[in-house]
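Inspection log for the structure reproduced underneath, given as structure tokens.
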Amino acid sequence: MIRGKVVGQVWGTRVDARLRGATLLLVAAEDAAGAPTGEVVVARDQLDARRGDSVLVAFGSGARNAILPGAAANRGVLAEAAVVEIVDGADA
């Protein structure tokens, strides 16, 4: 998982059927101190995060399970990353 800040959204006029209705966000990764790392990922959003929100992003099977629980059921989920938490605060 990474922590990052929502910096934008991705959309297109033609998308794979498995992405219809999905919101795709651009998330700028941050280090433990909250400074940008320079890495930006595209994450599927299930939580209605907004630009400027601090979020946690899960990858791989964790992302697919966040979108559709159940290993057998989520094999067709088209996502490598998913927003799994909108962060309200954190202790260092």
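Read-outs: derived from the displayed coordinates by stated rules, not from any lab. Treat the numbers as computed from the prediction; the structure is a model and nothing was measured. Here Cβ is always computed from backbone atoms with ideal geometry, including for glycine, and neighbour counts include all displayed protein chains.
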For this session: Take the alpha-carbon centre of segment 73-92, take the same for segment 33-57, and report the distance between them in whole Å.
Result: 10
Exercise. Most exposed first by the Cβ proxy, i.e. fewest other Cβ within 10 Å, how do Ser54, Ser61 rank?
Worked result: Ser61, Ser54
For this session: Tell me what the chain gives for mean residue ellipticity at 222 nm when only DSSP H runs of n ≥ 4 count, each as -39,500 (n - 2.57), the sum divided by the residue total, rounded to 500 deg cm²/dmol.
Result: -2000 deg cm²/dmol
Problem set entry | Convex hull (Cα only) mean projected area of the chain, reported in nm² to one decimal | 6.2
For this session: For the chain, calculate the relative contact order in percent as a whole number, restricting contacts to Cα pairs under 8 Å that are 6 or more residues apart.
Result: 30
For this session: List the residues of segment 1-16 whose backbone N lies under 20 Å from a point placed 7 Å from the Cα of Ala33 along the Cα-to-Cβ direction.
Result: 2-5
Exercise. Contour minus end-to-end for Ala90 and Arg50, with contour as 0.36 nm per residue of separation and end-to-end as the Cα-Cα distance?
Worked result: 12.5 nm
Exercise. Modelled label-to-label distance, Ala17 and Val42, 7 Å Cα→beta-carbon offset: nm?
Worked result: 2.0
Problem set entry | Fewest-first ranking of Arg3, Arg20, Arg44, using other Cβ atoms within 10 Å as the exposure measure | Arg20, Arg3, Arg44
Exercise. For the chain, with the dipole built from +1 on Lys and Arg beta-carbon atoms and -1 on Asp and Glu ones, taken about the Cα centre, which of Ser54, Val40, Leu68 lies farthest toward the positive end?
Worked result: Leu68
